[in-house]
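Student: My structure is below; once you've seen it, I'll send some questions.
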Ligand code: KG4
Ligand code: ZN
C-alpha cells in the first residue's frame, strides 16, 4: 500500500509518500516561513499564495525522490491512494491542498482519504524505515495502548489511543497552544519567528532558574493553559527595563539586553516544558500505556525530549525533527492505515475543508 499525502494547513507546502504505514519513500517540504518572519507570525494570504506557487514543484520533487528512475506516469501507477489534510488549519491554505488532492484523485483515478492534521502528527511516529539520507527514525513502531502528547503551534493535548481510530482525548489547552506561547514570548523578547527554535537557541546562553514564571493550576487534571505564563513574561520584561505594565509590548525588545533576553528564554522554556511533561508523566501513571509518543512542531524541542526521557518511567523513542514539524509524510502514513484498515474514503467531487476540525 503506497499512499501520497498532501499537507497545506499552515505555511508548509508538503508532499510525502509512504509505504505500508512504516516506510518513508519521500518527504518534500517547502516552507514559506521566511516570507512571514517580518510580521512575527503567519500571514494567511501570503501562505495561501505560496501554496499555489509551490504545490506542483513539491509534488514533482516527492515523486522523483520516491521513484527516481521512473517517468511521471510510471510513478503515478505505483501510488495506491491519495491522502490530504482537510482540517484543522487556515482556510485559504487548506483549500489549495484539498483542491489539488481532489483533482489528482479524479484525474489519476485513486481513492481519496481526508486526514485530520492533528491525528496525523501522531502517525509520524509510525515511520521506522527509509532509504532517504539524513533521517533518524525510531527502531520500533509504537504499540497500543499508546499515550500521545501533541504539542504544536495550534494544539496542546494528551490523547490515549486503544487502537488505530479508537482514542480518547484526555485534555487540551484552554487558551494558547504551547507553540503559540513560544512564538508570542519570542515576539515580546525580540527573538525571530518561529519562537521554538529561536527560544531554544537563546535559552542555551541563559539561566533557566533566573525567573520563576507561574505554572498554570487547573482543576481538570489533563488540561493546559499558557496565557498566564505569557503575560508573566511580558510583566517581567517590562520590570527588567524599569517600566510598568502600561509600557507598550512592541517597544520592549529594543530595551532588553542580550543577557536579560536569554534568561527570560531559558526560564520560560523550563516552565513551559515542565508543564506538559508533568501532565504526560501523570497520564502515564494513570493509563500505563505500552508506548508514549510526542507529536507536533514542539516535539522537535531538545528540552522536551530531555525532560521526558529523564522523568518518564519507561523508555521513549523520538522521530526525526523533520517529521515533527508539518510534513506530508505524516499525512501519507495515516492515509496508509485508513486504506489498510478499510476506513471510509472521501468523495473527490465534494470533499470540503474543515478549518476548525478538532480531535
Ligand atoms: O506542528 P507545527 O509545525 O505547526 C502546527 O500545526 O502548529 O508546529 C509549529 C510550532 C511553532 O509554534 C514553533 O515555534 C514550534 O512548533 N517549534 C518548536 C521547535 N520547532 C518548531 N518548538 C520548540 N522547539 C523547536 N525546536
Ligand atoms: Zn502541525
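Every number here is computed from the coordinates shown, using simple stated rules; none is lab data. This one's a predicted model, so the numbers in the text were calculated from it and none came from an experiment. Quick reminder, even Gly has a Cβ in these numbers, built from the backbone with ideal geometry, and neighbours come from all protein chains shown.
Student: Whole Å is fine, so just give me how far the alpha carbon centre of the stretch 276-302 lies from that of the stretch 157-225.
Tutor: A separation of 13 Å, based on Cα centres.
Student: Place a label point 7 angstrom from the Cα of residue 1 along the Cα-to-Cβ direction, then list the residues of the stretch 159-198 whose backbone nitrogen is under 19 Å away.
Tutor: Residues 161-167 fall inside that zone.
Student: Can you give the FRET efficiency for residue 99 and residue 258, using 1/(1 + (r/R0)^6), R0 = 51 Å, r = Cβ-Cβ distance, to the nearest 0.05?
Tutor: Numbers: r = 46 Å, r/R0 = 0.90.
Here the calculated transfer efficiency is 0.65.
Student: Dividing the convex hull volume of the Cα atoms of the stretch 1-141 by its residue count, what figure in Å³ per residue is obtained? Kindly include the intermediate steps, with their values, before the conclusion.
Tutor: Details: hull volume 15.8 nm³, N = 141.
Hull volume over Cα atoms, normalised by residue count, gives 112 Å³.
Student: Hey, another quick one. What residue among 344, 73, 180 shows peak mean-square fluctuation when the chain is described by a Gaussian network model with Cα springs under 10 Å?
Tutor: 73
Student: Hey, what did the stretch 1-114 get for relative contact order, percent, Cα under 8 Å, at least 6 apart? Working shown, then result.
Tutor: Working: 206 pairs, mean separation 36.8, N = 114.
It rounds to 32 percent for the stretch 1-114.
Student: Which residue fluctuates most in the GNM of the chain (Cα springs below 10 Å): 61, 12, 240?
Tutor: Maximum fluctuation in the GNM of the chain, among the listed residues, is at 240.
Student: Once a ≥ b ≥ c are taken as the square roots of the eigenvalues of the Cα gyration tensor of the stretch 113-196, is the result rounded (a/c under 1.5), prolate (a/b larger than b/c) or oblate (a/b not larger than b/c)?
Tutor: Numbers: a/c = 2.57, a/b = 1.36, b/c = 1.89.
Here the stretch 113-196 falls in the oblate category.
Student: Test of understanding: ordering 128, 189, 246 by Cβ neighbours within 10 Å, fewest first, what list do you get? List each step's numbers first, then the result.
Tutor: Working: 128 17, 189 25, 246 6.
Neighbour counts put them in this order, fewest first: 246, 128, 189.
Student: Can I ask one more? When a/c is below 1.5 the answer is rounded, else prolate if a/b is larger than b/c, else oblate, so apply that to the stretch 83-225 with a ≥ b ≥ c taken from the square roots of the Cα gyration tensor eigenvalues.
Tutor: Numbers: a/c = 1.72, a/b = 1.54, b/c = 1.11.
Taking the square roots of the gyration eigenvalues as a ≥ b ≥ c, the stretch 83-225 is prolate.
Student: Quick check on the exposure proxy: order 255, 235, 270 from fewest to most C-beta atoms within 10 angstrom. Write down the numbers at each step before the final one.
Tutor: On the way: 255 15, 235 12, 270 21.
With the sparsest Cβ surroundings first, the list reads 235, 255, 270.
Student: Can you compute the helix-only [θ] at 222 nm over the chain? Use -39500 (n - 2.57) per DSSP H run of at least 4 residues, normalise by all residues, nearest 500 deg cm²/dmol. Provide the component values of the computation, followed by the final result.
Tutor: Working: 12 runs with 150 residues, N = 359.
Value at 222 nm, helices only, nearest 500: -13000 deg cm²/dmol.
Student: Follow-up. Could you work out which residue, out of 138, 315, 208, moves most in a Gaussian network model of the chain, that is, has the largest mean-square fluctuation with Cα springs under 10 Å?
Tutor: 315
Student: Right, next: Answer rounded, prolate or oblate for the chain, using the Cα gyration tensor with square roots of eigenvalues a ≥ b ≥ c: rounded when a/c is under 1.5, else prolate when a/b is larger than b/c, else oblate. Could you put the intermediate results ahead of the total?
Tutor: Numbers: a/c = 2.06, a/b = 1.53, b/c = 1.34.
Here the chain falls in the prolate category.
Student: How high is the relative contact order of the stretch 178-294, given as a whole-number percent (alpha carbon pairs under 8 Å, six or more residues apart)?
Tutor: Details: 151 pairs, mean separation 41.8, N = 117.
Relative contact order, the stretch 178-294: 36 percent.
Student: What full-extension length gain, to one decimal in nm, is calculated for residue 227 and residue 72 as 0.36 nm per residue of separation minus the Cα-Cα distance?
Tutor: On the way: separation 155, 0.36 × 155 = 55.80 nm, distance 4.86 nm.
Result: 50.9 nm gained on full extension.
Student: Can you put 324, 314 in order, fewest other beta carbons within 10 Å first? Please report the intermediate quantities before stating the final value.
Tutor: Numbers: 324 25, 314 11.
So the residues, fewest neighbours to most, are 314, 324.
Student: Run the numbers on the chain and let me know its relative contact order in percent, using alpha-carbon pairs under 8 Å that are six or more apart.
Tutor: Values: 812 pairs, mean separation 96.9, N = 359.
With pairs under 8 Å counted, the relative contact order is 27 percent.
Student: Rounding to the nearest 10 and keeping the result within 0 to 90°, find how far the Cα-based axis of helix 44-66 lies from the longest principal axis of the chain.
Tutor: Once rounded, the angle reads 50 degrees.
Student: For labels at residue 64 and residue 288 in the simple 7 Å Cα→Cβ model, what's the distance in nm?
Tutor: 5.3
Student: Output the 0 to 90 degree angle, nearest 10, between the alpha-carbon long axis of helix 178-189 and the longest principal axis computed from the alpha carbons of the chain.
Tutor: Computed tilt is about 50 degrees.
Student: While we're on this one: What is the angle, in °, between the Cα long axis of helix 328-340 and the longest principal axis of the Cα atoms in the chain? Nearest 10 is fine, range 0 to 90.
Tutor: Long axis of 328-340 versus the principal axis of the chain: about 50 degrees.
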